Amino acid sequence: MTGKRWQLAHGRHVDLGDRALVMGILNVTPDSFSDGGAFDAPELALEQAMRMVAEGAAIVDVGGESTRPGAAPVSAAEEQDRVLPIISQLARSGDVLVSVDTYREETARLAVAAGAHIVNDVWGVQREPGIARVAAETGAGLVIMHTGRDRAKLGDVIDDQFAFLRRSLEIARAAGVRDEQVMLDPGFGFAKDENENLELMARFSELSELGYPLLAGTSRKRFVGHIIGREAADRDAGTAATSVILRMKGAQIFRVHNVAINVDALAFADAMLARQTNLPGH
């Protein structure tokens with residue numbers, strides 16, 4: 001697997017290649033679909049963040065507004081009140097890399113100023129394109145996620161990925177974002193039904209044609225529940241299975257709720273990839 005360096009804010013970077021990396025999800029919200037309210041108190045959020053780092057998370061992704069279907073929107077001020085104190089304290093803790101899960105330009109700018117290294121935008125810089133300027137001006141890593149929400153999709157799941165993400169990349173480049181700052185996320189579960197999610201998994205390696213490293217976020221998603229017949233809080237084993245499949249197909253970062261089980265599962269995927277690389281003919 002070819003190594004790449006993902007450039008982040010504050011002089012940090014992540015080397016990508018023969019080891020999968022885990023991004024731990026920290027929802028400081030009362031209404032996220034599987035852990036809403038569990039970590040909305042600052043002391044609980046920080047405790048959970050440190051637990052995820054101890055379990056092997058390379059990145060902690062802090063979000064202050066639920067992205068589940070039908071979730072009530074929050075104001076920018078409320079989102080910032082939730083995430084900025086946590087980001088600031090995590091940044092002061094030292095080695096942990098911090099990501100802010102937001103589509104708002106203002107929140108992203110304040111979060112990077114507070115110490116965040118990465119901006120993770122579930123609208124792929126197409127809802128508030130100014131968020132790309134924040135990444136360009138600060139050097140932050142930029143996760144550009146595909147979504148099918150609020151638009152007509154193409155019939156083929158990969159064609160739709162290419163059409164949406166290429167438009168996002170045009171916006172990012174026009175704002176001055178460098179290629180080495182970009183990470184792409186195909187947005188499992190975002191206006192995709194069970195069949196579309198499974199096809200996206202099966203054809204995931206086709207996304208490498210875009211030329212950027214890939215992040216996978218399947219954790220506890222509804223389509224995982226459809227396959228294994230379990231509610232959100234009991235989908236971690238199913239999530240780990242998807243992580244292994246997607247690692248074998250080229251994903252490099254995995255955004256998950258349960259860090260420990262995915263770290264262990266991905267260690268086996270990495271061992272298998274290393275063994276395949278050393279086989280005759282490779």
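The values are calculated or read from the model by the stated rules, or taken from the named source; none is laboratory data. All values derive from a computational prediction rather than experimental measurement. Here the Cβ positions follow ideal geometry from the backbone for every residue, glycine too, while neighbour counts run over all protein chains shown. Each accessible area value is taken on the protein alone, full model and side chains, heavy atoms only, with ligands, DNA and RNA left out. Shrake-Rupley method; radii C 1.70, N 1.55, O 1.52, S 1.80 Å.
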Mind checking which residues of region 105-130 are of a type outside the set (S, T, N, Q) and within 21 Å of Gly189 (Cβ to Cβ)?
-> Ile118, Val119, Asp121, Val122, Trp123, Gly124, Val125, Arg127
Just wondering, is there one or more residues in region 202-224 that are among the aromatic types (Phe, Trp, Tyr), under 26 Å from Arg5 (Cα atoms) and either open to solvent by 10 Å² or more (accessible area, probe 1.4 Å) or part of a loop (DSSP other than H, G, I, E, B) (or both)?
-> yes
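Residue-wise test of (1) touching a helix residue (DSSP H, G or I) at 6+ places or on another chain (Cβ under 7 Å); (2) part of a helix (DSSP H, G or I); (3) at pLDDT 95 or above.
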position: Ala233; (1), (2), (3): no, yes, no
position: Gly238; (1), (2), (3): yes, yes, yes
position: Phe254; (1), (2), (3): yes, no, yes
position: Ile261; (1), (2), (3): yes, yes, yes
position: Ala265; (1), (2), (3): yes, yes, yes
In region 61-77, is there at least one residue being at pLDDT 95 or above and buried (at least 16 other Cβ atoms within 10 Å of the Cβ)?
-> yes
Give me a count of the residues in region 37-52 that are modelled with pLDDT under 95, surrounded by 20 or more Cβ atoms within 10 Å (Cβ to Cβ) and among the aliphatic types (A, V, I, L, M).
-> 2
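Considering every residue within region 104-119, establish whether at least one is of a type in the set (Val, Ile, Thr) and surrounded by fewer than 24 Cβ atoms within 10 Å (Cβ to Cβ).
So far as region 104-119 goes, no, none of its residues is of a type in the set (Val, Ile, Thr) and surrounded by fewer than 24 Cβ atoms within 10 Å (Cβ to Cβ).
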Considering only residues that are open to solvent by 10 Å² or more (accessible area, probe 1.4 Å) and of a type in the set (Ser, Thr, Tyr), look in region 78-103 and name the one that is nearest to Thr218 (Cα to Cα).
-> Tyr103
